[in-house]
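*Asks:* Would you mind keeping the following structure in view while I ask a few things?
We did not get these values from a lab; they are worked out from the coordinates using the rules stated. Remember, predicted model here, so these are calculated numbers, not experimental data. Cβ coordinates were reconstructed from backbone atoms using ideal geometry, including for glycine residues, and neighbour counts include every protein chain displayed.
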Amino acid sequence: MVKSDYTYHQIVSIHEGGLTVKSTGIVRKVDELGRIVLPIELRRTLDIAERDQLEIYIEGNDTIVLKKYQPTCVFCGSAVDVHHYKGKCICTDCAKGILEL
């Protein structure tokens, strides 16, 4: 693992087994309801707005990864021109393909 000491807001790359992790130096406490607050600088940088959905992943035994949720088509996995229909996501191309059947 490679890590350097930088100022509070500088981003530092950490290389672990080919994975690049960026540290911001920001620490937040988990409240009594299990919530954390994402700093405004991160939300602006990552284009995360109020009410946006985040996916939660676990890496290894001690890493939590948050990723902005982007719906994908249930048929082809595309994230382009995706529409919600009866609780599922379908892209325009697949919808057109179904209509041609």
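*Asks:* Please work out whether region 29-77 counts as rounded, prolate or oblate from its C-alpha gyration tensor, where a ≥ b ≥ c are the square roots of the eigenvalues and a/c under 1.5 means rounded, while otherwise a/b larger than b/c means prolate and anything else oblate?
*Replies:* The shape class here is oblate.
*Asks:* Same structure again: Which of the chymotrypsin sites (Phe, Trp or Tyr not before Pro) found in region 43-89 are in a DSSP loop and have at most 12 neighbouring Cβ atoms, other than their own, within 10 Å?
*Replies:* In loop regions of region 43-89 (DSSP not H, G, I, E or B), the sparsely surrounded chymotrypsin sites (Phe, Trp or Tyr not before Pro) are 69.
*Asks:* Considering the zone a paramagnetic label at residue 21 would reach in this model (a point 7 Å from Cα along the Cα-to-Cβ line), which residues of region 59-90 have amide N under 19 Å from it?
*Replies:* Flagged as within label range: 59-68.
*Asks:* So, one more: Using DSSP to call loops (not H, G, I, E or B), can you name the GluC sites (Glu not before Pro) in region 18-75 whose Cβ has at most 11 other Cβ atoms within 10 angstrom?
*Replies:* 32, 50
*Asks:* Based on the Cβ-Cβ distance of residue 76 and residue 48, what FRET efficiency does E = 1/(1 + (r/R0)^6) give at R0 = 30 Å, to the nearest 0.05?
*Replies:* It comes to 0.70.
*Asks:* Further, regarding this structure: Distance check, please: which entries in 68/96; 29/88; 29/86 exceed 32 angstrom between their Cα atoms?
*Replies:* Pairs exceeding 32 Å: 29/88; 29/86.
*Asks:* Once you have the Cα-Cα distance between residue 101 and residue 56, take 0.36 nm times their residue separation minus that, and quote the gain in nm to one decimal.
*Replies:* Full extension of this stretch gives 12.5 nm more.
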